[in-house]
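Quick notes on the structure that follows.
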DNA sequence: AGCTTTGTTCAAGATTTTTTGAACAAAGTA
DNA sequence: TACTTTGTTCAAAAAATCTTGAACAAAGCT
């Protein structure tokens, strides 16, 4: 029934040493920003690969479970760190890594940071309300002060984001033209 | 022998609702940047407090273990997020929170990010070396390409940090200047 | 329709991280 | 010195997170 025994010859080949080493870097990077190892592995292998990879290539070459690949790709897609590439005459999904640092950062921030930041204002207000019950009026004043510090932090953070994104390149007008070596990438 | 029984009356009192709520925000924030709950709790309580707090006040009011307080304060000190305040005639260490957002961010980045980033260059070189053993020359060329992308990312990131810090330094005017009423009790 | 391929979901297992508390150290006090 | 206070360390327990794989769904093929 199965003329070809599962996957053909060299697709599930073991990783080359340089690939392992490269993937290790991404695993580190992932853990640095609080993402699980499997996510780093998947993105790392895609980053190494010369062609789009399929679900089962990821599973087999990395030696991780289908569940991990599925969930990993799901999150990476959500972050915009991985894109589906349609390949004619092939039913499988093929994935390629997003290579624009700016888009990677933006996706990560949008997905993992901004929601928390944005809910902050209402949380501060909530504390303000609770604070009305504090009997010690000096303490109450002090706490209001601290809340306004927190307010300031939030606003600063929000103002920071666009600046960061601009510095990462997309907005050419803000770019520093002295050290602009795009040649190699 | 001890006219004052340890800490005066209401120091190990249960947390007020507004304090709990405030601390909750810091716990969230901590987890957002990958720090354990206890760290958020400690910093949060210090942030609420009107006076410097001692080790055992933190332990008792938060209801966490001595080990957690000790390790938590250790890390917070390392990050520069908490400072020791010397109090005359008192053997205990008293802690106050760092309130400058810029210093908080800088401490965090210095401690948790920069080391990884800085070791990146040599890791990339290591992959380059391993890559010499790749037989498929087209793949080898492709991988070199990707490595240079990685290089670019690292450099951009490093250039980003000073920009961020500068953006955080600007608004001195809203900083809390009325927090000098520390002296009491 | 029935069979296969492709991918998702989720409960249970495995692993990692965090917390705890008892033993220890350091330094003040009497 | 012996005793107390204050804080640290670290192995083990607890909790949180990640991974696995089997059951399921969706869609193509014959």
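The values are calculated or read from the model by the stated rules, or taken from the named source; none is laboratory data. Just so we're clear, the structure is a prediction, and the values are computed from it rather than from any experiment. Positions of Cβ are generated from backbone atoms using ideal geometry, with glycine treated the same way; all protein chains shown enter the neighbour counts.
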Exercise. Can you name the number of the only condition in (1) more than 28 Å from the chain's Cα centre (by Cα); (2) more than 10 Å from chain A (Cβ to nearest Cβ) that residue B:110 fails?
Worked result: (1)
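From the list A:106, A:123, A:128, which one is closer than 23 Å to residue A:167 by Cβ and surrounded by 12 or more Cβ atoms within 10 Å (Cβ to Cβ)?
The match here is A:106.
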For this session: Examine the range B:117-134 for a residue that is in contact (Cβ under 8 Å) with a residue 40 or more places away in the chain and more than 16 Å from DNA strand C (Cβ to nearest atom), and state whether such a residue exists.
Result: yes
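In this structure, does residue B:109 turn out to be within 30 Å of residue B:16 (Cα to Cα) and touching a residue at least 40 places away in the same chain (Cβ under 8 Å)?
no
Consider the range A:125-146. How many of its residues are assigned to a helix (DSSP H, G or I) and either at positive phi or at the interface with another protein chain (Cβ under 8 Å from one of its Cβ atoms) (or both)?
The total comes to 10.
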Exercise. Would a scan of the range B:83-96 turn up a residue that is over 24 Å from residue A:31 (Cα atoms), within 14 Å of chain A (Cβ to nearest Cβ) and away from DNA strand C (no atom under 16 Å from the Cβ)?
Worked result: yes
Seminar exercise, completed: Contact list, first residue from the range A:1-29 and facing chain B (nearest Cβ under 8 Å) and within 27 Å of residue B:125 (Cα to Cα), second anywhere and assigned to a helix (DSSP H, G or I) and at pLDDT below 95, beta-carbon distance below 7 Å, six or more apart or interchain, is A:28/B:116
Seminar exercise, completed: Only unsatisfied item for residue A:87, checking (1) in contact with a strand residue (DSSP E or B) (Cβ under 9 Å, 6 or more places away or on another chain); (2) more than 30 Å from residue A:52 (Cβ to Cβ), is (2)
